[in-house]
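Beneath this line is the structure, given in C-alpha cells, with notes to follow.
Read-outs: derived from the displayed coordinates by stated rules, not from any lab. Every value quoted in this text rests on a predicted model; they were computed, and no experiment measured them. Every residue, glycine among them, receives a Cβ derived from its backbone with ideal geometry; neighbour counts consider all protein chains shown.
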Amino acid sequence: MSITSLTFFLLVFITCLIYFVIPQKYRFISLLGSSLFFLFYDNFNLTTVIYVLIILLTSYFSSLLIYKYKDTKKSKLFMLIGVFLILGILIYLKYSNFILLTIQNIFNFFGSNITFNPVTRPSTIGLSYYSLIMIGYVMDVYRGLCLPQKNILKCALFMAYFPILPSGPFIRYNDNAESLYEGHNFSFSNLYLGLIRILWGLFKILVISERLAQIVNTSFNNPDNFSGLLMFLGALLFPLQLYTNFSGSIDLIMGVSKILGINLPENFTSPFFSPTITEFWRNWHITLGSYLKDYIFYPLMKSSFMQKLGQFTKKHFGKTASKKITLYLSMFIMWTLIGIWHGGAYTYIIGSGILQFIYMLFEDLLSPVATKVNNKLGINSESKIYRAYQILRTYLLFSFAMIFFRATSLSNAFTIIQNIFTTSHNMQITSLGLSVANLIILLIALLILFIIDKISIKNDILEKIKNSSIELKIVILGIFILTILTFGMYGIGFNASDFIYSRI
Amino acid sequence: MEKEEIYTRLNKVFREVFDDESINVTENTTAKDIPDWDSLEHINLIVAVEEEFNIKFNMGEVTTMKNVGEMANIIASRIK
C-alpha cells in the first residue's frame, strides 16, 4: 500500500476515528489492528505471517529471559540467541540472492563455471526496519536501558507501528514506545499541525519528486540516448529526487503520527546545506546513523579485537596513527554494512557505503592540509563564498556516489559516468520528459523547498505556525491544499507508489 | 578514591585525547563544551578513560552518559 494512495489515507482516517472514540487504555490495540492490516495488505500468506511471528516471539521471549537472568552469563546467551535469530531471518529473506551471487562470482573468478538460480523469498513491507528495531530493543534490554515489555500486544505494536514500516524512521524503545501505548486525546492543534506536515510531505512528493522522477528516469533508463550535459543533469537531480521522495514520506508519516499525538524522531535536518560529507550524514537519515553508531560502531570500537589492534599499532606506529587505523577500520566495516542494508546489490554497497567511507576518509586525512593551504593562500574558510563552495562540493560528491545507488548494475553506472564526459548530442532539455511549463513549476517548487529548508536550520517553523493567528493558519492550509491540487502529479492512472526507500 | 582525584585524572585523559592543554573538566562538562568531542572521539575517550582507571563501561553506559559528572559517578562506583 503506497502511503500516497487513497487506501492509506482511508486507513489513517478509520484508525483516527476508532483511536479517539474507544477508551484510552485500549487505544494502542486499535493502532496494532491498523498496523497488522497495513503489514499484510499487499502480501498475506501463511509463510509471511510465520516469519513475522518468529521475529515477534523471539524478541518478546529473549527480552524477558535476558531480564530474568540479568547479571548472569545466561543473559548474554539469550541476547545473542535473540539478535542472531532475527538477523538470520533478515539475511535469509532479504540477502539470499546476494549471497548466492557473491559465492558464484568468487567461484567464477577462480575459473569454475558454477551458476545458481535466483531464489524467491516471501517478504513483508518494512522488514529491514522492524527487524533492526527489534534487535535494538533486545540489546537495550540486555544493556539495562529499558525493562522488557510483558504485554505481547504492546511488543507487537512497537515492532510494527504502521506509519514507519515503509521508510522509517528507526525508533527506540526508551524514547518512543510509551508514546505508542499512551492513548493520546484528540487535539485540534495536533490535527492542524499534523495536516500541515502531511501536506508539506505531499508537496515534496507530488509536486517536486514526481517531476524530478520524469527527468531522472528518462536519463538513467536510456543512458545511450543521452550524453554530456543532459546525463549530467539527470545525475545531478537524482539526489534531490531521493531527498524529496524520502523526506517527503517521513513528513507524511510524522504528520499522521502527530494527529494521533505520537512524536517520532526527526530523520532529516536540511542535509543539502552541509559543508562536508561527514556533516551531511549527521543530517541525512539521522535515525539510521544513530542506530548504527550505538549498535555497531561503538561495540566494534570497544571489541577486544579492536583494542588489541590498537595496542599493536600504538607500539609500532605511534599513538596518533593507531587511533586512526582502528577508527578507519571500524568506519569501513560500518559503511559497508550501511551499503548492504540499503539493498543486496553491489551498486548499493558502493554508492551508499564504500564511496561514502572513502569521502569521509579523505575529509579526515586532508583537513589539516586544506587548513594549511587556505592559510597560505589567505583564503577565509569562514566566508560565505567558501561555505557555498563546500556545500556545492559536498552535493557533487554525493551526486556522484548516487549514480551507483540509482544505476541498475555496475556496468550501467560506468556507462552513465562515461556518457557524462562525452560530447552532447545537443538535445533539448524537454527531451528528458518535462515540458517547459513543468520545468518552471519544478524550479519554483525547488526554490520554495530550499528557502524552507534554510529557514528551518535555525527555526522551528511548525512551532511558529502553531503560534500564529487563526486567519493565517487557514490561509496557510488553503495555499498548501490548492498548490498540491493544482501542481501535484497525481490522478487516475497515476501511481506515485515507486517509493525509493520502500524497496529497502 | 576521592572525587577530586577522579576529576584530576579525568582531566589528564581529556587533555590527552583531545590534544588540548586548556581543557578543565567539571561535572557539568558535556560534548557541547569541547569542539572535537563528537561521536567518533567519544569512543576513543571511553577507551582512554577505561585504560586510566582500569575499569570497563558497559554499552548502555557508553551510549547514555550525558556529562562528565555521570562518567565520574560510574567510575567512583566501579573502583570502590
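Dividing the alpha-carbon radius of gyration of region A:146-245 by 2.2 N^0.38 Å (N being the number of residues), what value is obtained?
Dividing the Cα radius of gyration by 2.2 N^0.38 Å gives 1.60.
Using 0.36 nm per residue of separation minus the Cα-Cα distance, give me the extension gain between A:E471 and A:N221 in nm, one decimal.
85.3 nm
Rounding to the nearest 20 debye, state how big the charge dipole of region A:204-284 is about its Cα centre with +1 on each Lys and Arg Cβ and -1 on each Asp and Glu Cβ.
140 debye
Assign unit charges at the C-beta atoms only (+1 for Lys and Arg, -1 for Asp and Glu), then state the dipole size of chain A relative to its Cα centre in Debye, rounded to the nearest 20.
1620 debye
Classify region A:137-193 from the C-alpha gyration tensor, please: rounded if a/c falls under 1.5, else prolate or oblate depending on whether a/b exceeds b/c.
It is prolate, given that a/c is not under 1.5 and a/b is the larger ratio.
From the Cα trace of region A:4-74, what convex hull volume per residue do you get, rounded to a whole Å³?
Cα convex hull per residue, to the nearest whole number: 130 Å³.
Per the helix-only calculation at 222 nm, which mean residue ellipticity applies to the protein assembly as shown, given -39500 (n - 2.57) for every DSSP H run of n ≥ 4 and division by its residues, nearest 500 deg cm²/dmol?
Computed ellipticity for the protein assembly as shown at 222 nm equals -22000 deg cm²/dmol.
What spacing in nm lies between the two simple spin-label points modelled at A:K384 and A:K150, each 7 Å away from Cα in the Cβ direction?
Once both label points are built, they end up 6.1 nm from each other.
Order these by the 10 Å Cβ neighbour count, fewest first: A:H285, B:H42.
B:H42, A:H285
Tally Lys and Arg at +1 and Asp and Glu at -1 over the other residues with C-beta under 11 Å from the C-beta of B:S39: what net charge comes out?
Summing Lys and Arg as +1 and Asp and Glu as -1 gives -1.
Roughly how crowded by other chains is peptide A:471-484, in terms of the mean Cβ count from those chains within 10 Å of each of its Cβ atoms?
0
Describe numerically, in nm with one decimal, the distance between label points set 7 Å from Cα along Cα→Cβ at A:L392 and at A:Y69.
Each label point lies 7 Å from its Cα, and together they span 6.1 nm.
Which is farthest toward the positive dipole end of region A:6-186 among A:L65, A:L36, A:I133, measuring Cα position about the Cα centre, with Cβ charges +1 (Lys, Arg) and -1 (Asp, Glu)?
A:L65
Shape call for chain A from the C-alpha gyration tensor, a ≥ b ≥ c root eigenvalues: rounded (a/c under 1.5), prolate (a/b greater than b/c) or oblate?
It is rounded, given that a/c, with a ≥ b ≥ c, falls under 1.5.
Provide the gained length on full extension for the span A:A321 to A:V21, in nm with one decimal, where the gain is 0.36 nm per separating residue minus the Cα-Cα distance.
Gain on stretching A:A321 to A:V21: 101.8 nm.
Please report Rg over Rh for region A:194-249, where both radii come from the alpha carbon positions and Rh follows the Kirkwood definition.
1.11
Distance between the C-alpha centers of region A:64-100 and region B:28-54? Whole Å please.
30 Å
Once phi is turned into ³J(HN,Hα) by the Karplus curve 6.51 cos²θ - 1.76 cosθ + 1.60 with θ = phi - 60°, what whole-Hz value does each residue of region A:456-470 show in order, with x for glycine and proline?
Values per residue, Gly and Pro as x: 6, 5, 10, 10, 8, 4, 4, 5, 5, 5, 4, 8, 7, 6, 4 Hz.
Using 0.36 nm times the number of residues separating A:I333 and A:I103, minus their current alpha carbon distance, what extension gain do you get?
80.8 nm
Just need the relative contact order of region B:3-78 here, percent rounded to a whole number, with Cα pairs under 8 Å and 6+ apart.
40 percent
What percentages, rounded to whole numbers, describe P(r) for region A:380-421 computed over all alpha carbon pairs with 10 Å bin width beginning at zero?
Each 10 Å bin holds this share of Cα pairs: 28, 36, 21, 15, 1.
On a C-alpha basis, how far is the centre of region A:300-364 from the centre of region A:250-270 in Å? Whole number, if you could?
32 Å
Would you please classify the overall shape of region A:442-481 from the alpha carbon gyration tensor, given that a ≥ b ≥ c denote the square roots of the eigenvalues, rounded means a/c under 1.5, and beyond that prolate means a/b larger than b/c while oblate covers the rest?
Because a/c hits 1.5 or more and a/b fails to exceed b/c, region A:442-481 counts as oblate.
How large is ³J(HN,Hα), in whole Hz, for each residue of region B:62-79 in order, when computed from phi with the Karplus curve 6.51 cos²θ - 1.76 cosθ + 1.60 and θ = phi - 60°, using x for Gly and Pro?
Along region B:62-79, the couplings run 4, 8, 10, 4, 9, 8, 5, x, 5, 4, 5, 5, 5, 4, 4, 6, 7, 9 Hz.
Rounded to the nearest Å, what's the spacing between the alpha carbon centres of region A:121-179 and region A:416-448? Just the number, please.
Here the two parts' Cα centres lie 42 Å apart.
Over chain A, what is the mean sequence separation of C-alpha contacts under 8 Å (at least six apart), divided by residue count, expressed as relative contact order in percent?
Relative CO of chain A lands at 19 percent.
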